[in-house]
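Colleague: Take a look at the following structure, please.
The values are calculated or read from the model by the stated rules, or taken from the named source; none is laboratory data. Since the model is a prediction, treat every value here as computed from it, not as a measurement. Note that we place each Cβ from the backbone using ideal geometry, even for glycine, and neighbour counts take in every protein chain shown. Areas reflect the complete protein model, heavy atoms only, side chains present, ligands, DNA and RNA absent. Shrake-Rupley method; radii C 1.70, N 1.55, O 1.52, S 1.80 Å.
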Amino acid sequence: MSIKNILVALAPRPGSDPGRDYAISMAKSLKAHVSGRLYALEPEISVGVFGGLPADLLQTYRANVKKDAEAAGKRFDEAAAKAKVQATRHLTMVPLAAASTIFARVARTYDVSVLAQSSDGIYHMGDVFIEAALFHSGRPVIIAPLKGHSQFAADRVTIAWDGSLHAARAVGASMPILALAKKIDILTMGEDSKEPEVHAADLVRHLERHGFDVSHKRRNGDDIPKTILKETEKTSASLLVMGAYGHSRLREFVFGGVTRFMLANATVPVLMMH
């Protein structure tokens with residue numbers, strides 16, 4: 001099954017939007033339709049003199065965020081027209097918590113959703129959309145990095161494989177992209193004795209039966225996420241495929257983890273699935 005229907009969360013901030021650029025280039029390469037979603041975020045604050053915002057201040061804020069979102073939508077329209085891809089977009093004014101929930105539900109009827117890696121500061125709220133899509137859409141999510149690749153490519157793909165259910169789902173969801181790859185690297189972490197646990201040889205055999213050029217690499221190291229990222233940079237991978245949140249979200253938040261590290265530090269597009 002090919003990818004023909006792409007959803008992208010458009011960043012309302014001014015300037016570049018790697019999620020937009022990646023989704024449009026992906027649509028062009030795969031001859032797919034791309035749908036942009038914009039959310040002008042309402043403040044979850046009451047209106048009033050005591051304990052709330054003055055009505056005129058709230059009205060001004062709403063007008064400004066809507067203006068910024070409409071400007072981002074116009075940039076999306078122009079970029080899609082320039083790339084000559086079929087595109088639609090939709091703007092909704094809604095509180096942040098509702099916006100992320102709505103986006104995840106919308107993503108259920110798309111082949112893949114694309115989001116930009118979160119910025120620091122006020123725009124760090126992008127993680128809320130990413131996690132909502134991962135946990136509640138049931139569809140694969142691609143995170144476009146702020147620094148690095150901003151255009152879709154699939155020449156060389158790295159699969160971070162640990163034999164988990166989440167990793168298996170990510171590989172299955174990425175098959176239309178893997179079919180475009182000239183080379184696929186399966187990366188596992190740990191000693192030889194752990195090999196039966198992750199079934200890397202079985203995954204190699206599975207992908208070879210699909211006609212893919214596959215190799216397996218095993219690396220050791222205490223810092224797993226940094227090792228994975230280093231390998232993708234070393235091979236100039238155009239995409240990293242991995243499962244998301246193999247441990248609980250709370251445990252990853254407190255103790256760190258591969259998923260959170262990649263959300264913050266990846267320099268290559270990452271296709272994730274929970």
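Colleague: If I model a spin label as a point 7 Å beyond the Cα along the Cα-Cβ vector, how far apart are those points for Asp223 and Val94 in nm?
Modeller: 3.9 nm
Colleague: Using 7 Å Cα-to-Cβ label points, what is the Thr235/Ala81 separation (nm, one decimal)?
Modeller: Going by the 7 Å Cα→Cβ label model, 4.1 nm.
Colleague: What share of the DSSP beta bridges in the chain is antiparallel, in percent to the nearest 5?
Modeller: Here the antiparallel bridges make up roughly 5 percent for the chain.
Colleague: Can you list the residues of the stretch 80-110 with backbone N under 12 Å from a point 7 Å past the Cα of Asn5, pointing along Cα to Cβ?
Modeller: Flagged as within label range: 106-110.
Colleague: If you don't mind, another one. Given DSSP loops and a limit of at most 10 other Cβ atoms within 10 Å, what is the longest stretch of the chain that contains no such GluC sites (Glu not before Pro)?
Modeller: The longest such stretch corresponds to 45-190.
Colleague: OK, next. Over the chain, with every protein chain in place, what whole percent of the accessible area is carbon and sulfur at 1.4 Å, could you tell me?
Modeller: Reported share for carbon and sulfur atoms: 54 percent.
Colleague: Suppose R0 equals 35 Å. What FRET efficiency, 1/(1 + (r/R0)^6) with r the Cβ-Cβ distance, do Ala55 and Lys147 give to the nearest 0.05?
Modeller: 0.25
Colleague: Before rounding to the nearest 500, sum -39500 (n - 2.57) across all DSSP H runs of length at least 4 in the chain and divide by the residue total; then give [θ] at 222 nm in deg cm²/dmol.
Modeller: Value at 222 nm, helices only, nearest 500: -13000 deg cm²/dmol.
Colleague: Hey, got a sec? Which trypsin sites (Lys or Arg not before Pro) in the stretch 130-175 land in a DSSP loop and have at most 10 other Cβ atoms within 10 Å?
Modeller: When the trypsin sites (Lys or Arg not before Pro) of the stretch 130-175 are filtered for loop state and at most 10 Cβ neighbours within 10 Å, Lys147 remain.
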